[in-house]
1. Filter segment 21-51 down to the residues that are over 26 Å from residue 81 (Cα atoms), surrounded by fewer than 15 Cβ atoms within 10 Å (Cβ to Cβ) and at pLDDT 95 or above and list them by number.
2. Of the residues 139, 76, only one is in a loop (DSSP other than H, G, I, E, B) and touching a residue at least 24 places away in the same chain (Cβ under 8 Å); which?
3. Please state which one of 106, 85, 90 is outside any loop (DSSP other than H, G, I, E, B) and loosely packed, with under 15 Cβ neighbours inside 10 Å.
4. State whether one or more residues within segment 44-59 are part of a strand (DSSP E or B) and closer than 18 Å to residue 18 by Cα.
5. So residue 58 fits all but one of (1) buried (at least 18 other Cβ atoms within 10 Å of the Cβ); (2) out of contact with any helix residue (DSSP H, G or I) (no Cβ under 7 Å at 6 or more places or on another chain); what number is the exception?
6. Filter segment 125-136 down to residues that are more than 9 Å from residue 19 (Cα to Cα) and touching a residue at least 40 places away in the same chain (Cβ under 8 Å) and give me whichever is surrounded by the fewest Cβ atoms within 10 Å (Cβ to Cβ).
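The values are calculated or read from the model by the stated rules, or taken from the named source; none is laboratory data. Predicted, not measured: the structure shown is a model, and the values here were computed from it. Cβ sites come from the backbone with ideal geometry, for glycine too, and all protein chains shown count toward neighbours.
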């Protein structure tokens, strides 16, 4: 039976592939297990703008959020990463499995511009499973935007 992430991707009409890669201990292990470069394994990070106000930032595996770029894009002075319990409350997913697909709340999505036009691997809401999706179609279906919001790791 498909989980919430797969069901949400299907409902949005996204062309996706479920990848069962098994247990991993790091992003590099997950990329190797899937046979993809780390840049195509995209982390879904939950960022807090304010009390009860979050967004998803899709970050290539070989990069990190550029806080100055993200703050400038959003026109805010402060952003933070919530703790694991708060991220779970905001999404319904545990860290390491978070995805914008099937989240308990449909937060805004900002994808790093380097993912545009690529096939990427996102969390699927459970450990050892990923969703491989065309980034442009997925971000469009989620009502998201592409922007330059990262820097090299």
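1. Result: 35, single match.
2. Going through 139, 76 in turn, just one is in a loop (DSSP other than H, G, I, E, B) and touching a residue at least 24 places away in the same chain (Cβ under 8 Å): 76.
3. After ruling out the rest, the residue left standing is 85.
4. Yes - at least one qualifying residue is present in segment 44-59.
5. Condition not satisfied by residue 58: (2).
6. In this case the residue turns out to be 127.
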